[in-house]
Every structure is written in structure tokens, then in C-alpha cells.
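Have a look at the structure below before the remarks.
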Amino acid sequence: MNKARRPLIAGNWKMNHGGANACNLASAVKRTTAEFDKVDVVVCPPFTAIAWVAEELRGSAVQVGAQNVHPKDSGAFTGEVSASMLLDAGARWVILGHSERRAMFGETDTLVAEKTRVALDVGLRPIVCVGELLEEREKGQTLDVVKRQLNAFASILADKPGVGAIAYEPVWAIGTGKTAGPAEAQEVHAMIRARLREISAEVAEKTRILYGGSMKASNAEGLLACEDVDGGLIGGASLKAEDFAGIALAGQKLA
Ligand code: PGA
């Protein structure tokens, strides 16, 4: 972590806690992270809980995000939710291009780029995910795959330097208990930073690059200590407030 960038710790609740439980968890996150003044903390509940969680967190530093968005603003798109609706509900962030959406819902680089554009235009802060499959890592294709995914949206993020973030999430590390070691993570994060620097020094310096994939309180410090790791996108460990706060504490200590 470089002290020039404020750490960002975001919880991706995935399809968990859509109702009253979401408020309980949000309230516990608010309580357990209340003293941390050097990190940005974001929770991303399912759509159904965003407005409730935003209400629960009103007046606290913890911010709310969504896990997906539709690129159109309104109209005949049954089952979809637009960026302005998310903003109305109280969301300030949105996770885009998560590997689960790419793998299970057919999201392409082009669609992820389109969503990034819309989120930024409407005033939501995107956290755009990239990451290689296990077989791609084994074939030595990690940097090429991540660069391809990154190239689809990097120049869009560059329009508003520092507003959006990027999450490097090796797919083989998500929900598996396997984490990229600090050196493995740093190698990819450094490549992402170098690619951003080709666009502009300002974008490279201001954009936070998060690590995601089985991050927990016990390994957070090692990962966050890497020069180009500016925070975390946390799945499983974000569902327990104490575990999530333990990760945010690691960020707070290093900031
Ligand atoms: P995990 O998920 O922390 O449970 O591995 C991370 C993510 O999918 O964002």
C-alpha cells in the first residue's frame, strides 16, 4: 500500500442477507469500524437491501454499493436495475464484471465497459473486477488475460481519475480458501498500475487497485502491505462483521 492512496475495503455480500439480516450486519459493520478514520469502508448488499442498509448507515462513514447494474437508464428490461435507481436507493458504489457474472451470466469485456461508462456518467463509483482462471494461470497467461480485461475499460475510468477502483480477483482464489500470495498479487497489481501509467500519471496514482479472493483478517496485512495493493474486495469474510472489521483494521494500521 502506498500512503498516497486511502485504503478501500469493500464487502461483496453476494446473494446473502436480502432483508432484516442485512440491516443487522450493516449495523454491526458500522459499530466495529467506527474508529477507523484512515480507510474507506463499503458494503455491497443484494439489490433488495440497498435502501434499508443505506438508511441504517445514514450518518456513518460506511458507504453502500451494489453488485451489478444494467447499462440502460429505464425501459422494458424486465428484472433489471439501472444506475440512477441504485443512486436513488442510496448506493454510491457498484461492483462490475465480477467473475461470477462473467462466468454465469455471460458478461463480456464490452458489456463491462458499457456498465463502467454508465456508472461513472450517473455518479456511481465503479469497482471493476478482473482476474484469470486457474487454467489460464497454469498456462502462464495471467498477465495477458488481466491486461485484455483491463484494456476494455481503463480509458473510461481515466475520464474521472480516482473515482472508480479496480479489483484484481484471481478466479481460483474466490471462495476457495486459496489466496494469491503477496508476491503473486503484487506482480499483477504492478502490471495494472503500469498500464494505467501509460494512460496518465494521475490515473495511475489515484486509482485504487483492490485484491480479492479469500482475503481474511489473518492474511490481509501481508497483502495490503504490497506497494500496489490499495485495499480489498471481500466475499465470505464480509458476512461476519468482526472478520470484516479485522481486515479494515489491517488497512487502518498500514495507512
Ligand atoms: P471471497 O470472494 O472473499 O469469498 O473469496 C471475493 C469476491 O468474490 O469478491
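Among Thr142, Thr176, Thr78, the largest mean-square fluctuation in a Gaussian network model of the chain (Cα springs under 10 Å) belongs to Thr78.
Note on the chain: with a GNM built from Cα contacts shorter than 10 Å, the maximum mean-square fluctuation among Gly175, Gly213, Gly232 falls on Gly175.
For the chain, what % of the accessible area comes from carbon and sulfur atoms, probe 1.4 Å? Present the calculation step by step, with values, prior to reporting the outcome.
Details: 5630 of 10730 Å².
Ligands and nucleic acids excluded, carbon and sulfur reach 52 percent.
Give me the Å³ per residue figure for the convex hull around the C-alpha atoms of the chain. Walk me through the numbers on the way to the answer.
Numbers: hull volume 28.1 nm³, N = 255.
In the chain, the Cα hull volume divided by residue count equals 110 Å³.
Quick check: convex hull over the Cα atoms of the stretch 85-200, volume per residue in Å³, rounded to an integer? Don't skip to the answer; put the middle values down first.
On the way: hull volume 13.3 nm³, N = 116.
So the per-residue hull volume is 115 Å³.
Computed from the Cβ-Cβ distance with R0 of 35 Å, the FRET efficiency linking Ala4 to Thr108 stands at 0.55. Only lysines eight or more places from Lys253 in sequence, or on another chain, were considered; those with a Cα closer than 27 Å are Lys3, Lys30, Lys38, Lys178, Lys206, Lys216, Lys240. Each label point was placed 7 Å from the Cα along the Cα-to-Cβ direction; for Ala255 and Asn24 their separation is 2.9 nm.
With every protein chain left in place, what is the accessible area per residue of the chain in square angstrom, probe 1.4 Å?
Values: 10730 Å² over 255 residues.
Accessible surface, normalised per residue, equals 42 Å².
A crude spin-label estimate for the pair Val122 and Ser84, with each label 7 Å from Cα along the Cβ direction, gives 0.9 nm. Database remark: amide H of Thr176 closer than 5 angstrom to the amide H of Ser214 (H placed geometrically; neighbours at sequence offset of 5 or more, or on other chains; Pro and chain starts carry no H). For the stretch 155-255, the alpha carbon convex hull comes to 96 Å³ per residue, rounded to a whole number. Membrane-span-like helices in the chain, defined purely by DSSP H runs whose alpha carbon atoms cover 15 Å or more axially and whose average Kyte-Doolittle hydropathy reaches 0.0, are 20-32, 109-122, 142-157, 241-254. A full extension of the chain between Ala61 and Met15 corresponds to an added length of 14.2 nm, given 0.36 nm per residue minus the alpha carbon distance.
The values are calculated or read from the model by the stated rules, or taken from the named source; none is laboratory data. Every value quoted in this text rests on a predicted model; they were computed, and no experiment measured them. Ideal geometry is used to build each Cβ from the backbone, glycine not excepted, and the neighbour counts take in all protein chains shown. The accessibility values were calculated without ligands, DNA or RNA, using every heavy atom of the protein model including side chains. Shrake-Rupley method; radii C 1.70, N 1.55, O 1.52, S 1.80 Å.
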